[in-house]
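Note sheet for the following structure.
The values are calculated or read from the model by the stated rules, or taken from the named source; none is laboratory data. Predicted model only: the values in this text are computed from it and were never measured. Cβ: placed from backbone, ideal geometry, glycine included. Neighbour counts: every protein chain shown. For accessibility, only protein heavy atoms count, side chains too; no ligands or nucleic acids. Shrake-Rupley method; radii C 1.70, N 1.55, O 1.52, S 1.80 Å.
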Amino acid sequence: MGPETVLAILNIVLAGMFGAVIGSFTNVCIYRIPEHRTVVKGHSMCMTCGHELGALDLVPIFSWLCLGGKCRYCKTPISSRYIKIESLTALMYILMAATHLSMFMDPTAVDPMTNIFPFIELCALFIMINIIIVEMMIMHDTGSSMYGLSVALLIDFAVQLFARIMNVVNNDASKELGSKITGWGIEFVVGAAIAFLAVVIAVLFSNKPKELKSYLHDSKGKALRTSDLFAIVLGGVIGIVPSAVASIVYLIARIAIGNGKKVKYLGNILAAGAAVGFFGYAAYLIIK
Ligand SMILES: [Zn+2]
């Protein structure tokens with residue numbers, strides 16, 4: 001094995017270890033944020049026996065494997081979610097290192113256009129994916145209807161990630177960065193504007209003028225407000241055409257459901273609309 005190969009393997013292994021640590025932090029966020037606890041300080045402890053965990057209990061992936069998925073102290077099984085999220089994040093970072101090897105191997109030859117920017121792009125996507133995983137698992141744990149929506153968002157980001165990696169692999173990453181960023185910016189703003197318009201129409205149609213105040217201020221209107229905010233952000237994230245599809249679906253459901261009890265299904269309906277728009281448009285582009 002030549003020194004080049006050793007260096008390449010070393011880089012990939014280090015990236016995987018770094019990813020596992022990020023995954024471990026993701027787990028901390030999932031369990032502490034809903035309890036309004038800080039994620040930067042404090043010791044982790046076993047959720048069953050409350051025993052404070054030592055350094056050996058906190059090595060990402062390996063601790064879970066070595067302990068057979070059980071607490072060292074009280075032997076209560078620990079959720080496999082820990083190791084799943086840690087391995088997933090590690091895998092993502094390994095993928096990133098493997099597709100950017102030349103950048104790690106020969107830093108002097110780094111060309112910002114072909115190397116650094118795709119790298120930063122991928123870093124940003126990884127961070128987004130981890131934030132969505134945190135949000136998704138919190139939604140799952142609290143039984144929120146936004147769970148479906150989070151899953152849709154995650155799929156969206158995973159598809160984007162795959163596209164970017166394929167882009168790097170095909171060495172087609174050097175397309176002018178400026179025009180790319182402008183393109184995304186426009187997609188985001190117009191997509192969000194379409195969803196915003198749908199939300200405004202839905203709010204006006206489903207509320208009498210007197211009820212409008214209740215929508216804006218009451219805790220009763222909170223589920224609707226959250227759902228509407230989600231719709232606007234999602235519209236921006238998925239881009240113009242998918243946003244138009246998702247917004248129409250959302251608008252119809254939002255007016256049909258009004259302020260009734262089925263409000264909790266809005267998240268799932270929006271997720272379904274976004275998925276149809278996103279994948280439908282992607283399929284259209286491929287066929288075209
Ligand atoms: Zn324990």
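Some notes on this structure:
- Hits in region 21-65 (condition: open to solvent by 60 Å² or more (accessible area, probe 1.4 Å), within 16 Å of the ligand (Cβ to nearest atom) and within 16 Å of Ser87 (Cα to Cα)): Leu58, Trp64
- Residue in region 182-189 that is buried (at least 17 other Cβ atoms within 10 Å of the Cβ), on the phi < 0 side of the Ramachandran plot and in a helix (DSSP H, G or I) present: yes
- Boolean, Lys75 is out of contact with any strand residue (DSSP E or B) (no Cβ under 7 Å at 6 or more places or on another chain), open to solvent by 40 Å² or more (accessible area, probe 1.4 Å) and away from the ligand (no atom under 16 Å from the Cβ): no
- Hey, Ser219 among the small types (Gly, Ala, Ser), outside any helix (DSSP H, G or I), over 17 Å from Ser150 (Cα atoms) and without any contact (Cβ under 8 Å) to a residue 60 or more places away in the chain or not: yes
- Applying the criterion of at least 1 residues that are at pLDDT 85 or above to the helices (runs of 4 or more DSSP H) found wholly in region 73-171 leaves 81-99, 117-141.
- Test for Tyr93: is it surrounded by 13 or more Cβ atoms within 10 Å (Cβ to Cβ), within 16 Å of the ligand (Cβ to nearest atom) and either in the same structural domain as Met17 (by TED's automatic domain parsing) or of a type outside the set (Gly, Ala, Ser) (or both): no
- Test: residue in region 248-259 that is surrounded by fewer than 17 Cβ atoms within 10 Å (Cβ to Cβ), under 25 Å from the mean Cα position of the chain (by Cα) and modelled with pLDDT of 90 or more: yes
- Residue match in region 33-53 (condition: more than 15 Å from Ile94 (Cα to Cα), of a type in the set (Asp, Glu) and without any contact (Cβ under 8 Å) to a residue 24 or more places away in the chain): yes
- Hey, Gly68 assigned to a helix (DSSP H, G or I) and either within 15 Å of the ligand (Cβ to nearest atom) or closer than 23 Å to Leu88 by Cα (or both) or not: no
- Hits in region 2-20 - residues which are under 21 Å from the mean Cα position of the chain (by Cα) and open to solvent by 60 Å² or more (accessible area, probe 1.4 Å): Met17, Phe18
- Residue in region 127-144 that is small (Gly, Ala, Ser), open to solvent by less than 40 Å² (accessible area, probe 1.4 Å) and more than 16 Å from the ligand (Cβ to nearest atom) present: yes
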